[in-house]
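Enquirer: Handing you this structure, nothing more for now.
The values are calculated or read from the model by the stated rules, or taken from the named source; none is laboratory data. In this text, all values refer to a predicted model and were calculated from it rather than measured experimentally. Note that we place each Cβ from the backbone using ideal geometry, even for glycine, and neighbour counts take in every protein chain shown.
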Amino acid sequence: MAAYMLFIREDPIHDPAAIEEYNRRSPNTVEGHAMKPLAYGGSVETVEGEAPEAVVLVEFPTMEEARNWYFSPAYQAAREYRLKGAGYRVMFLEGFQG
């Protein structure tokens, strides 16, 4: 069953250099992982609740694959720069079970 990761940047970027480094490192973390970006960098229209600064949605074939990528040493090393650069909420979502 498909799984998704949702990245929500809640605040403006406070360390642009750290985000630039994250953006440089993060593409190198995908090799060997089955993942598909679904939404990245587009406009966000908030109809309820507080508006985020940015949202990224990524699809994986399984929850296990999503966790394998997120907790991989390569992504965890890149993640440090994302955390230095801005405040995020990140979550795993299981696909529809019907």
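Enquirer: If you take the residues of region 73-98 that are in a helix (DSSP H, G or I) and of a type in the set (A, V, I, L, M), which of them is farthest from E10 (Cα to Cα)?
Expert: Taking region 73-98 and keeping what is in a helix (DSSP H, G or I), we get 73-85.
The next check asks that each one be of a type in the set (A, V, I, L, M); those that pass are 74, 77-78, 83.
Numbers: A74: 24, A77: 21, A78: 19, L83: 12 Å.
Only one residue tops the list, namely A74.
Enquirer: Which one of S72, S26 is polar (S, T, N, Q), touching a helix residue (DSSP H, G or I) at 6+ places or on another chain (Cβ under 6 Å) and surrounded by 14 or more Cβ atoms within 10 Å (Cβ to Cβ)? Spell out how you get there, then give the answer.
Expert: On the way: S72 fails: touching a helix residue (DSSP H, G or I) at 6+ places or on another chain (Cβ under 6 Å).
Of S72, S26, the one residue that is polar (S, T, N, Q), touching a helix residue (DSSP H, G or I) at 6+ places or on another chain (Cβ under 6 Å) and surrounded by 14 or more Cβ atoms within 10 Å (Cβ to Cβ) is S26.
Enquirer: Only one of (1) surrounded by 14 or more Cβ atoms within 10 Å (Cβ to Cβ); (2) among the basic types (K, R); (3) touching a residue at least 40 places away in the same chain (Cβ under 8 Å) is not met by R89, so which one is it?
Expert: Among (1) surrounded by 14 or more Cβ atoms within 10 Å (Cβ to Cβ); (2) among the basic types (K, R); (3) touching a residue at least 40 places away in the same chain (Cβ under 8 Å), the lone unmet condition for R89 is (1).
Enquirer: Could I ask something else about it? Just checking, does region 14-22 include any residue being assigned to a loop (DSSP other than H, G, I, E, B) and either modelled with pLDDT of 95 or more or under 14 Å from G87 (Cβ atoms) (or both)?
Expert: To start, the set of residues in region 14-22 that are assigned to a loop (DSSP other than H, G, I, E, B) comprises 14-15.
When the remaining residues are screened for being either modelled with pLDDT of 95 or more or under 14 Å from G87 (Cβ atoms) (or both), the result is 14-15.
The answer is yes, given that some residue of region 14-22 is assigned to a loop (DSSP other than H, G, I, E, B) and either modelled with pLDDT of 95 or more or under 14 Å from G87 (Cβ atoms) (or both).
Enquirer: For A34, work out the one condition from (1) touching a residue at least 24 places away in the same chain (Cβ under 8 Å); (2) of a type outside the set (S, T, Y); (3) not in a loop (DSSP other than H, G, I, E, B) it doesn't fulfil.
Expert: With (1) touching a residue at least 24 places away in the same chain (Cβ under 8 Å); (2) of a type outside the set (S, T, Y); (3) not in a loop (DSSP other than H, G, I, E, B) applied to A34, the lone miss is (3).
Enquirer: When V44 is evaluated against the numbered criteria (1) touching a Pro at 6+ places or on another chain (Cβ under 7 Å); (2) outside any loop (DSSP other than H, G, I, E, B), which criterion, by number, is the only one it fails?
Expert: (2)
Enquirer: Hey, any hits in region 59-72 for a residue that's over 16 Å from Y4 (Cα atoms) and not aromatic (F, W, Y)? Explain how you work it out, then say what you get.
Expert: Pass one, region 59-72, residues over 16 Å from Y4 (Cα atoms): 72.
Restricting the remaining residues to those that are not aromatic (F, W, Y) gives 72.
There is at least one residue in region 59-72 that is over 16 Å from Y4 (Cα atoms) and not aromatic (F, W, Y).
Enquirer: Pairs please, first residue from region 54-67 and closer than 14 Å to G42 by Cβ, second anywhere and modelled with pLDDT under 95 and among the aromatic types (F, W, Y), Cβ atoms under 6 Å, 6+ apart in sequence or on different chains.
Expert: Cβ pairs passing all conditions: V56/Y40.
Enquirer: Same structure, new question: Looking only at residues that are of a type in the set (A, V, I, L, M, F, W, C) and over 12 Å from the mean Cα position of the chain (by Cα) in region 31-59, which one is surrounded by the fewest Cβ atoms within 10 Å (Cβ to Cβ)?
Expert: Our first condition is that a residue be of a type in the set (A, V, I, L, M, F, W, C); within region 31-59, this holds for 34-35, 38-39, 44, 47, 51, 54-58.
Add one more test, that the residue is over 12 Å from the mean Cα position of the chain (by Cα), and what stays is 34, 44, 47, 51.
Values: A34: 13, V44: 13, V47: 5, A51: 10.
Applying the filter and picking the extreme gives V47.
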